[in-house]
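Asks: Take a look at the following structure, please.
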Amino acid sequence: VQLQASGGGLAQAGESLRLSCAASGIIYSSNTMGWYRQAPGKQRELVATVTSGGTTDYGNSVEGRFTIARDNRKNTIDLQMNSLKPEDTAVYYCNVKRKLTPVFNYWGQGTLVTVSS
């Protein structure tokens, strides 16, 4: 399984950025895809996830500002990040996981998002 992320980069506070992630090599389509982030000196945290059925979950700090969307046919997810804040600065990791047999949990390499004040 490979996860290819794109997007991210530098933005000023209040601006928007978009992250995309494409998964390849997945055999089982019933899974959860999403984004997590890790800021320097902090633990990795949930940003947003979406199941193959369309159920979404957001971290408290991004709810209302970020929106995740999924294309099951293409195995892709997009994360629209609006009203960015400096505290959104982090490395963002794409993830795909499945809790039912066969269980799997894969991570992308990460993409840096930097928000300046």
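The values are calculated or read from the model by the stated rules, or taken from the named source; none is laboratory data. Keep in mind that this is a model prediction, so the values were computed, not measured. Quick reminder, even Gly has a Cβ in these numbers, built from the backbone with ideal geometry, and neighbours come from all protein chains shown. Protein only, heavy atoms only, side chains kept; ligands, DNA and RNA dropped before computing areas. Shrake-Rupley method; radii C 1.70, N 1.55, O 1.52, S 1.80 Å.
Asks: Inside segment 88-101, can you point out the residues that are open to solvent by 40 Å² or more (accessible area, probe 1.4 Å) and over 12 Å from R37 (Cβ atoms)?
Replies: If the condition is that a residue be open to solvent by 40 Å² or more (accessible area, probe 1.4 Å) and over 12 Å from R37 (Cβ atoms), then K97, K99, L100, T101 are the ones that fit.
Asks: Look through S29, S24, S52 and report the one residue that is open to solvent by 40 Å² or more (accessible area, probe 1.4 Å), under 16 Å from V1 (Cβ atoms) and either aliphatic (A, V, I, L, M) or touching a Ser or Thr at 6+ places or on another chain (Cβ under 7 Å) (or both). Steps first, answer last, please.
Replies: Working: S24 fails: either aliphatic (A, V, I, L, M) or touching a Ser or Thr at 6+ places or on another chain (Cβ under 7 Å) (or both); S52 fails: open to solvent by 40 Å² or more (accessible area, probe 1.4 Å).
Answer to the check: S29.
Asks: Identify, by number, the condition in (1) among the charged types (D, E, K, R); (2) at pLDDT below 95; (3) surrounded by fewer than 11 Cβ atoms within 10 Å (Cβ to Cβ) that K42 doesn't meet.
Replies: (2)
Asks: Can you name the condition, by its number, that A69 falls short on among (1) touching a residue at least 40 places away in the same chain (Cβ under 8 Å); (2) in a strand (DSSP E or B); (3) open to solvent by 40 Å² or more (accessible area, probe 1.4 Å)?
Replies: The failed condition is (1).
Asks: May I pose another question? Looking for something open to solvent by 30 Å² or more (accessible area, probe 1.4 Å), farther than 17 Å from V115 by Cβ and either in a strand (DSSP E or B) or free of Cβ contacts under 8 Å to residues at least 60 places away in the same chain (or both) - is there at least one such residue anywhere in segment 76-87? First the steps, then the outcome.
Replies: Residues of segment 76-87 open to solvent by 30 Å² or more (accessible area, probe 1.4 Å): 76, 78, 80, 82-83, 85-87.
Retained after the next criterion (residues that are farther than 17 Å from V115 by Cβ): 76, 78.
Subsequent filtering for residues that are either in a strand (DSSP E or B) or free of Cβ contacts under 8 Å to residues at least 60 places away in the same chain (or both) retains 76, 78.
Taking every residue of segment 76-87 in turn, at least one turns out to be open to solvent by 30 Å² or more (accessible area, probe 1.4 Å), farther than 17 Å from V115 by Cβ and either in a strand (DSSP E or B) or free of Cβ contacts under 8 Å to residues at least 60 places away in the same chain (or both).
Asks: Also, quick follow-up: How many residues, within segment 94-113, are in a strand (DSSP E or B) and farther than 13 Å from G7 by Cβ?
Replies: Just the residues of segment 94-113 that are in a strand (DSSP E or B), to begin with: 94-98, 104-107, 111-113.
Among the residues that remain, those that are also farther than 13 Å from G7 by Cβ are: 95-98, 104-107.
Count: 8.
Asks: Just wondering, is there one or more residues in segment 32-40 that are over 14 Å from the mean Cα position of the chain (by Cα) and over 23 Å from G14 (Cβ atoms)?
Replies: No - not one qualifying residue is present in segment 32-40.
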